[in-house]
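First comes the structure, then the notes that go with it.
The values are calculated or read from the model by the stated rules, or taken from the named source; none is laboratory data. The structure presented is a predicted model; accordingly, all values stated were derived computationally and were not measured. Heads up, the Cβs are rebuilt from the backbone with ideal geometry, glycines too, and the neighbour counts pull from every protein chain shown. Keep in mind that these areas ignore ligands, DNA and RNA; they rest on the heavy atoms of the full protein, side chains included. Shrake-Rupley method; radii C 1.70, N 1.55, O 1.52, S 1.80 Å.
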Amino acid sequence: MNVSIVIINYKSAKLVMDCVKSIYQQTHQYSFEIIVVDNDSNDDCKEQVLTAFPATLWLQTGYNAGFARANNAGIRIANGEYVLILNADTIITDGGVDKTITLIKQQTDAVACGVQLLNTDGTNQISGAHFVKGGLNTLLPLPYLGKLIRYLGYRFKSTIPSVQTIHDKIEVDWVVGAYILVKKEVLQKAGLMDEDFFMYAEEIEWCSRLRKQGKLYLFGDPKVIHIGGGTSSDYYTITESENSKNLWNKKGRQIIVSNMLRVRKQFGIAWFLLIAGTYFFEIPLFFFCLLLHKIFTLNKATFTFKNWIDYVKNMGVLLRYFFKIFLNKPYFYKVA
């Protein structure tokens, strides 16, 4: 078996069906198996998939296990020489899986790779990135400090960590989790995804361990359509207002906790304290800047006091998990 393709279903039957169909239509050179891991969706996805593609292996987690645990369940029963972590909201085009395997075989120093991800309109998506020391890039979404940090980065001509357009191939530090092809033998040393994570940042931490075993590449061809396309933009968007909105909604709570968990695991206690402390320092700064806008009407405020209140609430959620993360104790960080 050349490749085991692991797909997670969480109430996304149509996406899974379209994804699996594209694999069968576009993969002819290498043998493959498809493993669908269901996160307690309670939908008819299993019936649809097994009726149309009876060779599919189906796993039930019995609960919403998130990204890392569900993918690990699939990896554990995988028989392939390679494992492809594939989002349900992807469409394989132009022999994408076949081409990716051929390309990684040609790179003897590679342990994993990704490809150029596309939006549904054909434009390029962020497909991977380079690490920033200490995870300082996780400060960019902050409403006011983030703007200052971004300005300083541009002022001193810092290299943008995200990779959106790939010419031929490029070595990176991490690959967006929508499409990661990994040599299975490498996992004996690097390990599987860290099951403390529920969602977000888990593939970044995983890639940091994979990278110790060899190189990670992004290839410009093939190209794979990623319908959702949201995961990578949670870490690197160009517009501050678009990026910051994630800090005060429900999704933002999980992103904040997962990012802090990743910083702690990858960079250690000191960087965790610095990054977390900066997020908490943003609370009074955020309020003060909003107040100045209100009093002096300097310009139309990008943010509102409701945004500040919700941000404070999300910081309260982070505080609830703070000491568990600090102590790096095994724990399932699924934020309610």
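Residues of the range 321-336 falling in the label zone of Ile269, defined by backbone nitrogen less than 16 Å from a point 7 Å along Cα to beta-carbon, are 322-330.
Rolling a 1.4 Å probe over the protein heavy atoms gives the range 84-201 an accessible area of 41 Å² per residue. Counted residue by residue at 0.36 nm each, then reduced by the alpha carbon distance between them, the extension gain from Phe281 to Phe53 reaches 76.8 nm. With no solvent and one point on each alpha carbon, what is the Debye value of log10 I(q)/I(0) for the chain at q = 0.08, 0.14, 0.15 Å⁻¹? Reported log10 I(q)/I(0), two decimals: -0.39, -1.13, -1.27. Just name one of Val3, Thr27, Met17: the one whose Cα is farthest towards the positive end of the charge dipole of the range 2-68 (beta-carbon charges, Lys/Arg +1, Asp/Glu -1). Going by the Cα projections, it comes out as Thr27. For Glu81 and Thr93, the difference between the fully extended length at 0.36 nm per residue and the C-alpha to C-alpha distance is 2.1 nm. Between the residues Leu273, Ala110, Tyr321, the greatest Cα displacement towards the positive end of the dipole of the chain, with unit charges on the Cβ of Lys, Arg, Asp and Glu, is found for Leu273. In the structure shown, the pairs Lys265/Lys313; Lys184/Lys250; Lys105/Lys212; Lys46/Lys329; Lys11/Lys265; Lys147/Lys334 are assessed against 27 Å; a Cα-Cα span above that value is assigned to Lys184/Lys250; Lys46/Lys329; Lys11/Lys265; Lys147/Lys334. Site-free segments of the chain were taken between chymotrypsin sites (Phe, Trp or Tyr not before Pro) in DSSP loops having at most 14 other Cβ atoms within 10 Å, sites themselves excluded; the longest one is 157-330.
Just to be sure I understand: if I project the alpha-carbon convex hull of the range 1-120 onto a plane and average over all orientations, what area do I get in nm²?
7.3
Computed with a 1.4 Å probe on the full set of protein chains, the accessible area for Cys289 sits at about 30 Å².
Taking amide H atoms as placed 1.01 Å from N in the peptide plane, the amide H of Ser162 lies under 5 Å from those of His130, each 5 or more residues away in sequence or on another chain.
Here the range 272-336 has 72 percent of its accessible surface on carbon and sulfur atoms, given a 1.4 Å probe and all protein chains in place. Here the Karplus relation 6.51 cos²θ - 1.76 cosθ + 1.60, evaluated at θ = phi - 60°, turns the backbone of the range 10-23 into coupling constants of 9, 6, 9, 4, 5, 4, 4, 4, 5, 5, 4, 4, 5, 5 Hz, with x for every Gly and Pro. Taking 0.36 nm per residue of separation and subtracting the current Cα-Cα distance, fully stretching the chain between Lys251 and Thr123 would add 43.6 nm. Remark: the range 98-233 carries a charge dipole of roughly 480 debye about the Cα centre, counting +1 on each Lys and Arg Cβ and -1 on each Asp and Glu Cβ. Relative contact order for the chain: 19 percent, from Cα pairs under 8 Å spaced at least 6 residues apart, divided by residue count.
With each run of n ≥ 4 DSSP H residues scored as -39500 (n - 2.57), what mean residue ellipticity at 222 nm is computed for the chain after dividing by its residue count and rounding to the nearest 500 deg cm²/dmol?
Result for the chain, helices only: -13500 deg cm²/dmol.
To put it simply, the accessible area of the range 2-120 at a 1.4 Å probe is 50 percent carbon and sulfur.
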